[in-house]
Each structure stands twice: as structure tokens, then as C-alpha cells.
Amino acid sequence: MSTMEITLHKADGKAGKVAVSEAIFGTAYNEPLVHQILTSYTAGSRAGTKAQKTRSDVSGGGRKPFKQKGTGRARAGTIRGPIWRGGGVTFAARPRDYSKKVNKKMYRGAMRSILSELVRQERLICVEEFMVDEPKTKNAIQKLADVQLTEALIITEEVTKDLYLATRNIPRVDIIDTTEIDPYSLIGFNKVLITKGALEKVETWLS
């Protein structure tokens, strides 16, 4: 398996290199596949709970409102028809499932394509670790400043309570672990900060 190197930002401020699989972080960008996966992901997040009542769902209307003839009005069999106030809705909306099936091979292929494009555009920043000694926002801001970042999606092996509390109030910063990675989040941030340990987990997952 051929490998490639990406820059690793160390805790002492020096830059190193980390070897990764070229088949995962060096693939060509497949725009149609990425578009299909993003469409499927956003469609699956739709609630689809919108609902309206048809004339059969509305209560009442069992009695004919007035006699058929002799009133000068249009004949009517129920007060719950669509043209009556309080009646049912024509072509009423019903709960539905918007999700679209995507197999694992396509999903992983799209993730490899997105990560490779992030590397090419120098938007994927790899660091040795991202931890804080105490749950203070200023500590997390300083950690980001060490790699010249003010906003980013942070991916770690595990999101500790201190790390979550330290980053939750920083604008345009989100933190997730490797089990929560999704294509929409990866492309939604200008920079993606990932720890070396998380990078290895992602590589194992997509290999």
C-alpha cells in the first residue's frame, strides 16, 4: 500500500510528518458521489412529520347540512368538505420518510474523497493531541491559536467533559470524536483540526 505524508504539528511547536495511506488521503475528488452522499445525508435528517387532515379525518359532518333541493344553494352532503370552514384539506400532507439508501462502499468512498480534497486544499490540520488542563474557554482558544486557527471542526479520539466545556462557547468551533464524523460537518468548516490518534482511527475505518 502506497503512503503519503502530511504535516504534523507537535506540542513543542515544531512541525513533523505523519505517513498516511494514499488510497484514503490522496484519492481524486469524485464530485457526483460526494453530492449524492450529501443529498442522502441531509434528506435523512428531515423529520418528515408534517401532517394535515383530509375530510375523512375531520370529526363531525355526519348529517347532511340542509336538504338537497329548494334552498337555492349548491347541494352539500357534509360540512367537513374542503370548501367548508373547518373542513378537511384537499391533497393533505402526510408523514413521510425522506431518507435515501446509500451503501457502505459509496459512503466510505465519498468520505475518502472529501478528506483527500481537504488535504489538497491544506484545510486538514493534524496535531499530536488536543487536550486542556481545565474546562476554560481561554485554554481551548490558546490551543487553536498555537496552530493559527480561530475557527475549526475539531476531531479527537474522545471528547472529554473538560474539552467539551472549554470549546462549547467558542463561535464557529465544534468538537466531535471519530464516531460522529459525517460528510456535512467536514465540508461545513473552513478548517478541520484532527489529532494524530483520531487520524489513525479514521484511516483504519476507511481502509
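Side notes on the structure shown:
- Rounded Å value of the spacing that divides the Cα centres of the stretch 11-41 and the stretch 82-102: 41 Å
- Among the listed values [x] 181; [y] 208; [z] 195, the one matching volume of the Cα convex hull per residue in Å³ as calculated from this structure is [x].
- Mean sequence separation of contacting Cα pairs (under 8 Å, at least six apart), scaled by the length of the stretch 30-188, corresponds to a relative contact order of 22 percent.
- Within a Gaussian network of the chain (alpha carbon springs, distance under 10 Å), most fluctuating of LYS53, LYS191, LYS69: LYS69
- Where N is the number of residues in the stretch 51-94, Cα Rg divided by 2.2 N^0.38 Å: 1.26
- Average projection area in nm² (convex hull over Cα atoms of the stretch 128-207, one quarter of hull surface): 5.0 nm²
- The stretch 56-71 and the stretch 192-207 have Cα centres spaced 67 Å apart.
- Electrostatic tally near ILE155: other residues with Cβ closer than 10 Å to its Cβ, Lys and Arg +1, Asp and Glu -1, net -3.
- Top of ALA110, ALA47, ALA23 by mean-square fluctuation, Gaussian network on the chain, Cα under 10 Å: ALA47
- Only helical runs count toward this figure. For the chain, summing -39,500 (n - 2.57) over DSSP H runs of n ≥ 4 and dividing by all residues gives -9500 deg cm²/dmol at 222 nm.
- Beta-bridge orientation, the chain: approximately 35 percent antiparallel, per DSSP, counting only bridges with both partners inside.
- Within the shell defined by Cβ-Cβ distances under 10 Å, the residues around GLY77 carry a net charge of +4, with Lys and Arg each +1 and Asp and Glu each -1.
- Within a Gaussian network of the chain (alpha carbon springs, distance under 10 Å), most fluctuating of THR160, THR137, THR90: THR90
- Nearby lysines by direct alpha-carbon distance to LYS196 (threshold 28 angstrom, same-chain neighbours under 8 apart not counted): LYS10, LYS14, LYS17, LYS104, LYS105, LYS136, LYS138, LYS143, LYS161
Read-outs: derived from the displayed coordinates by stated rules, not from any lab. Being a predicted model, the structure only gives us computed values, none of them experimental. Reconstructed Cβ throughout: ideal geometry from the backbone, glycine too, with neighbour counts over all protein chains shown.
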